[in-house]
Amino acid sequence: MSGAVQAGLATTARKRRAPRDTLVALLVGLCLAAALGLVLGRPAPYLVNAVGQLAAFAILAVSLDLIWGYLGILSLGHGLFFAIGGYVCAMHLLAHGTSVTGQLPDFVQFMGWKGLPAYWAGLEHAPYALLLALGLAGLVAFLFGLVAFRSRVNGVYFSIISQALVYVAMLLMYRNDTGLGGNNGMTGFPLLFGWPMGSPGVVTGLAVATLLALAAVLAGTRFLVGSAIGRRTLACRDDETRLRTLGYATTRLKLQVWCLSAMIAALAGILYVPQVGIINPRVLAPDLSIEIAVWVAIGGMGRLGGAVIGAVLVNALKFWLSAAMPEAWPFILSGLVLVVVLVLPNGLLDLAGLRLRPTWARGTR
């Protein structure tokens, strides 16, 4: 292939990536502007808290889009990695509170224990808790993915066993003797880095940190999918057999993307739990894992920005309608899914794409 032809293909590829790059850059800019606005504008705490929760859900949606939209693997068990991050974060908050106040958590007193379980040792230190949450999510993903990918489990079978995994974890978390709060979960977090939970400064700090994390995740994943690894990921999604025939280790590639996706989901859980003040086994219910897929499908999978838009739109509607008319929410969500599937099979981003796409790029897709 001549150099001129290669240069032409590279130019065409850059033009096709341009609208998506523009959307991601726009969303990163919005995250940074929103973080600055929360610091300078000092809006009502409930609004700040809602923004922080929406940003955490957006990170979770991006994590699923990375494995579903770019690798073609639909995981219905991403709630497990979200819960791992959330549970370890809750353990850190309670361990830190116990070390400062000397007051044992309620569920420990209920069980009649004299102290925290032995495996909580060291969790009062935030860096250790952060590494443990991300490392544990990555390890669980690695073990599960290694077995599944080496056995060539794909498609609907992968979706089913990933949901079975999260369901088993939910049943385990309902047991009181796990030392993780049983069916009531863990709540009553007293302090965050020594500051009282629920104070305006902590609420704003958590929301700002989540927005900055979302911006970093978007920029990082955009760089990844635009790199050589990203191109191999797309090739694996489109024709894994051919890629393997060409000599690429597709199992290792899938494991890398899968584990990274799981760790991003755990990061979302770490940021989400201190903002809602509770974690319990309901976060491991299959409902949440299915909802994540709905967010991505509505926004538009395989576009990163679509996952963010879907997560924010659906959850903002949920926050509003759950208070205004909670009985109508399931029907509205079902209707929204039907409209997107029948009219906009690539998600709501199809509508925005018509305006975001420059004139010279229209018709190239």
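The values are calculated or read from the model by the stated rules, or taken from the named source; none is laboratory data. Just so we're clear, the structure is a prediction, and the values are computed from it rather than from any experiment. Don't worry about glycine lacking a Cβ; one is built from the backbone with ideal geometry, like all the others, and counts go over all protein chains shown. Note: areas computed on protein heavy atoms with side chains; ligands, DNA, RNA excluded. Shrake-Rupley method; radii C 1.70, N 1.55, O 1.52, S 1.80 Å.
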ask   = Measuring with a 1.4 Å probe in the full set of protein chains, what accessible area per residue, in whole Å², belongs to the chain?
value = 48
note = Carbon/sulfur accessible area of the chain, % of total, 1.4 Å probe, equals 67
message = Restricting to DSSP H runs of at least four residues, report the calculated mean residue ellipticity at 222 nm for the chain, -39500 (n - 2.57) per run over all residues, nearest 500 deg cm²/dmol.
response = -25000 deg cm²/dmol
ask   = Across the range 188-340, how large is the tail of the calculated P(r) beyond 24 Å, expressed as a percent of all Cα pairs?
value = 49
task = Could you pull out every residue, at least 5 positions away or on a different chain, whose amide H is within less than 5 Å of the one on L192? Hs are placed 1.01 Å off N in the peptide plane, and Pro or chain starts have none.
result = M197
key: Full-stretch length increase - V147, D238 - with 0.36 nm per residue and alpha-carbon distance subtracted   = 30.6 nm
query = Each residue of the range 251-257 in turn: what ³J(HN,Hα) in whole Hz from Karplus with 6.51, -1.76, 1.60 and θ = phi - 60°, glycine and Pro shown as x?
reply = 4, 5, 4, 5, 5, 4, 5
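With r defined as the distance between the Cβ atoms of Y119 and Y248 and R0 fixed at 35 Å, what FRET efficiency is calculated, to the nearest 0.05?
Here the calculated transfer efficiency is 0.35.
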task = Taking the Cα centre of the range 43-283 as origin, sum charge times position over the Cβ atoms of Lys and Arg (+1) and Asp and Glu (-1), and report the length of that vector in debye to the nearest 20.
result = 720
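Where does the charge balance sit around V257 when Lys and Arg score +1, Asp and Glu -1, over other residues with C-beta under 13 Å from its C-beta?
Local net charge: +3.
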query = How many nm separate the modelled label positions at W329 and Y46, each set 7 Å beyond the Cα in the direction of the Cβ?
reply = 1.5
task = Along each of the three principal axes of the Cα atoms of the chain, give the extent in whole Å, ordering the values from largest to smallest.
result = 73, 50, 40
